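Remarks on the structure that follows.
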Amino acid sequence: MYNQTTVDQDCHYATGSTFAAATLFICLFLFFITKFFNMLLVPFQQPRLITELTVGLVVGNMGFMTQLLEMVIPQLVSSFAEMGMSCYLLVLGLEMDLAVLAKKPNREAIVAYTGIISTFLITSTITPFIKLGKDANTIGFIVSLSITLTGTSSPVLTRLVTDLRISRSDIGRLVIGAGLHTDMVTMLLVSMSLVFHPYKSRKNDQMKLKEGLHVLVVLALIIVFLSTVLPIFVNWLNERNPVGKPMKGSDLVLFVATMMILCTTGPTMVGYSPTMASFLIGLAFPRKGRLSKMMISKINQIMNYVMFPLFFIWIGALASFRDLRPDEKFIWLKLLSLYAIVTVGKVLGALLAAMLLGFPFHVAVAIGFFLNVKGHFHMYVAAYALGEDLVTTGTYIMMILLAMLTIAIIPLVVKVMVEGASRKRSPYRQMTLQHLDPSTELRILLGIHGPQNIPSMINIMEVSRGNKATRIGVYVTDMIEINDCNSTIFVPEVYGSLENTTMADETVVSLREQITNAILSYVEESGKGINVQRLLAISTFANMHQDLCNLAEAVQASLLILPFHRNQRPDGKMDGVKHGFRYVNRKVLRQAPCSVGVLVDRGLGRIQKRSAPTAARIEVAVVFIGGKDDREALYYASRIAQHPAINLTAVRFLEETDTDKSSTKKHRRKLRSVIKMEEEERKLDDECFTEFYEKSMSCGRIGYLEKHVIDAKGTVSTLKSFEGHYALFIVGRGGRVNSILTSGMSDWEECPDLGPIGEILADSDFSLTASVLVVQQHCLDGLENEFTVMSI
């Protein structure tokens, strides 16, 4: 389809002896050069797309690399790139819903439409003076160029917003919804414009108009046919291949063959672009069912690992800087002018929407930059124009650099937004159990890694309600790692909204359904007084802690409980370390806007009939040594003690008074500078325990043990004496001021997220049946550096 003039025409075919060597060299070269540019760009928070584009431009302008590619894949680089774009547009169509165009415009649609109109009017008015076309700027060329520049790459924008951790903010959800609307409308306009520019046609305008009308009629009939027949065919295949069973080979072959015919043979016969036909077929394809999810998952894998690298190399090979004409020395000035024109159009549209909807103007400016993001399709259109001899190589290079510039500017925009929000943020209220008004609703955010955490978290949910007279709000969030296979396309259940976002990956969908069904079953059985809501934290392990903190702040949770990063094996021991969740837990403990609990499940999930009147009582011990975290653990223990299935024992550790005087004097001399702080903490501990005693133990339902020990060694031996007596230990993570009872424990601890006491209790040598809940109280220290952009 394209005149690839920048690639050496004397193609050499690889022999059997050189094919493997050339392939290995290409793979290694691409791997190392990608790593090199990634290291250069990561400090500037540039996304992966910028790295891949840079590699494509560099490699594409290396003559020996293009020759090697032509040897290994003769004359197929451009074909692979075009096929990859067809797959990309097919998946893009699958994530869009045409029905929203018939509904009353919501906030996202208004922002999208104002941006489209303003950008189209400005670009179509000014771009003729820049003279981007190779020949005279015809009306058709100006209109097509303006529509392309008006568009937004919604997949690229979604990934950018997600990676920059603002997808759960107001502006994040708004720009994702507006980006989807913009992308869908402009893609439909491009599809319509191609009707009057027949595929591989070189005829005059009058003949093109006649052919266009013919193609339009035939294409309309095809779309009507697809909208009625294709859903029936897909639903039939879905019924024959239910979820959970392997797909029949004959059905898979039939489905793949049908999609290939629809995307290639049919459109080409009537003179329509097969690439754009893939987008229209994606729009007509039923979004629900196994086949659509399978298509998205499999195509994403192929695109990320095969198609996109070849696509960017192809884009770079066409952007040959050697082919720049002498009269194109003002290309950089044209680039800046075109970027300014398009950006002004988007910003003016966002400002108009701001006046209509009433949000701040500085937010509107940021929205304008977000909606200006270009992506893969816009680069493909530029390559198409170059192949059709509509633009020069200089104009093509300018379009590619324009797309890169619109993406590269986004991290800077987000940084400015975050700094602005930090300066204007109001003081944050203390979200702790200790400061919670007993008459208000307790809100808990529970994190779940997978089905193995469901029983224990449901038991925590049950006992946290205390007596059934009090209400609690529980927010259960799935902690899902984002990766190349499941992150490219999100499928919103409500268009333009991320509150009801589901994943296209079948395993993730199945996992969420399993968790939801278990929670619904519990709520229907015994969930009176519990308000349960489902949430989703989907991110890379490097950023997941921020999503959890944003969710906790948004729902105003007082306690965030996370599973421990290790699970119990059938033999009772703990399995291997899951480093991803381990780092997530540690970051949450450092930055959470509320108190945090880490649950080590070693049998708590196996306790059944939690709420039944005849349920077996759970023996629980709260270990109190002193400090803010132990006080928070005591407040939580006092709440669950009100549950009829809980037998609580409060174990308080005190320093033995009859110790060697010399060692006591030596210790006091060593800690003379913190004696005042210790006295204040001890006073707070006494007040907290006195309050706990008066409210809880006076009723006679709670046991009390007082242990006097000399040092940390005595603390450890006393803790080990509790083995086999309790099913659950509740203990503070730390927060103790140089307590002699734990002095030296932190020197050999392996799990700082559990604290010294929690690590002893969670060790397999201590018990195989006792679960441990380690609690850390929220502290305001340093919070001024941990602001989020906006609330949900």
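The values are calculated or read from the model by the stated rules, or taken from the named source; none is laboratory data. Note that the coordinates shown come from a computational prediction; the quantities given were computed from them, not determined experimentally. FYI the Cβ positions are ideal-geometry reconstructions off the backbone, even for glycines, and counts take in every protein chain you see. Side chains are part of the model used for accessible areas, which takes the heavy atoms of the whole protein and leaves out ligands, DNA and RNA. Shrake-Rupley method; radii C 1.70, N 1.55, O 1.52, S 1.80 Å.
Okay, here's what the table says:
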| quantity | calculated |
| --- | --- |
| Pairs, first in contact (Cβ under 8 Å) with a residue 24 or more places away in the chain and of a type in the set (Phe, Trp, Tyr) in the stretch 270-299, second assigned to a loop (DSSP other than H, G, I, E, B) and open to solvent by 30 Å² or more (accessible area, probe 1.4 Å), C-beta under 8 Å, six or more apart | Tyr272/Tyr199 |
| Any chance Thr182 is within 23 Å of His376 (Cβ to Cβ), open to solvent by less than 10 Å² (accessible area, probe 1.4 Å) and assigned to a helix (DSSP H, G or I) | yes |
| Residues being open to solvent by 10 Å² or more (accessible area, probe 1.4 Å) and either modelled with pLDDT of 80 or more or not aromatic (Phe, Trp, Tyr) (or both) - total across the stretch 58-68 | 7 |
| Residue tally, condition crowded, with 20+ Cβ neighbours inside 10 Å and either of a type in the set (Asp, Glu) or touching an Asp or Glu at 6+ places or on another chain (Cβ under 7 Å) (or both), over the stretch 310-335 | 1 |
| Scan of the stretch 336-384 for residues that are within 28 Å of Thr275 (Cβ to Cβ), open to solvent by less than 10 Å² (accessible area, probe 1.4 Å) and within 25 Å of the chain's Cα centre (by Cα), ordered by number | Phe370, Leu371, Asn372, Val373, Lys374, Gly375 |
| Condition met for Gly140 (assigned to a helix (DSSP H, G or I) and surrounded by fewer than 20 Cβ atoms within 10 Å (Cβ to Cβ)) | yes |
| So Leu536, is it at pLDDT 85 or above and farther than 30 Å from Asp765 by Cα | no |
| Residue in the stretch 488-511 that is over 23 Å from Pro47 (Cα atoms), open to solvent by less than 20 Å² (accessible area, probe 1.4 Å), at pLDDT 80 or above and within 23 Å of the chain's Cα centre (by Cα) present | no |
| Looking only at the stretch 553-594, and only at residues there that are acidic (Asp, Glu) and closer than 18 Å to Ser771 by Cα, the one that is most open to solvent (accessible area, probe 1.4 Å) | Asp571 |
| Residue that is nearest to Met303 (Cα to Cα) [pool: residues in the stretch 1-57 that are in a helix (DSSP H, G or I), modelled with pLDDT under 80 and open to solvent by less than 30 Å² (accessible area, probe 1.4 Å)] | Ile26 |
| Pairs with Cβ under 7 Å, 6+ apart, first in the stretch 120-134 and more than 17 Å from Leu333 (Cβ to Cβ) and in a helix (DSSP H, G or I), second open to solvent by 30 Å² or more (accessible area, probe 1.4 Å) and at pLDDT 80 or above | Ile122/Val344; Ser124/Val143 |
| Cβ pairs under 7 Å, 6+ apart, first in the stretch 376-396 and among the polar types (S, T, N, Q), second open to solvent by less than 20 Å² (accessible area, probe 1.4 Å) | Thr393/Ser320; Thr395/Leu132 |
| Contacts under 6 angstrom Cβ, first residue in the stretch 345-371 being farther than 18 Å from Pro105 by Cβ and without any contact (Cβ under 8 Å) to a residue 12 or more places away in the chain, partner open to solvent by less than 10 Å² (accessible area, probe 1.4 Å) and not charged (D, E, K, R), 6 or more apart | Phe361/Ala354 |
| Leading residue by the ranking (farthest from Gln67 (Cα to Cα)) among those in the stretch 286-323 that are modelled with pLDDT of 80 or more and part of a loop (DSSP other than H, G, I, E, B) | Pro286 |
| Val100 vs. criteria in contact with a Phe, Trp or Tyr (Cβ under 6 Å, 6 or more places away or on another chain) and within 15 Å of Gly368 (Cα to Cα) | no |
| Members of the stretch 260-285 that are in a helix (DSSP H, G or I), modelled with pLDDT under 80 and either open to solvent by 20 Å² or more (accessible area, probe 1.4 Å) or within 30 Å of Thr507 (Cβ to Cβ) (or both) | Met260, Ile261, Leu262, Cys263, Thr264, Thr265, Gly266, Thr268, Met269 |
| Residues of the stretch 464-478 classified as surrounded by 23 or more Cβ atoms within 10 Å (Cβ to Cβ) and at pLDDT below 90, total | 1 |
| Of residues in the stretch 622-635 being touching a strand residue (DSSP E or B) at 6+ places or on another chain (Cβ under 6 Å) and assigned to a helix (DSSP H, G or I), the one surrounded by the fewest Cβ atoms within 10 Å (Cβ to Cβ) | Asp629 |
| Restricting the stretch 438-463 to residues that are in contact with a strand residue (DSSP E or B) (Cβ under 6 Å, 6 or more places away or on another chain) and assigned to a loop (DSSP other than H, G, I, E, B), the residue that is least open to solvent (accessible area, probe 1.4 Å) | His449 |
| Candidates Leu741, Leu754, Leu783 - the one that is open to solvent by less than 60 Å² (accessible area, probe 1.4 Å) and at pLDDT 85 or above | Leu754 |
| Those residues of the stretch 516-533 which are modelled with pLDDT under 85 and outside any helix (DSSP H, G or I), in sequence order | Gly527, Lys528, Gly529, Ile530 |
| Residue check, Asp686 modelled with pLDDT of 75 or more, open to solvent by 30 Å² or more (accessible area, probe 1.4 Å) and either within 30 Å of Ser526 (Cα to Cα) or part of a helix (DSSP H, G or I) (or both) | yes |
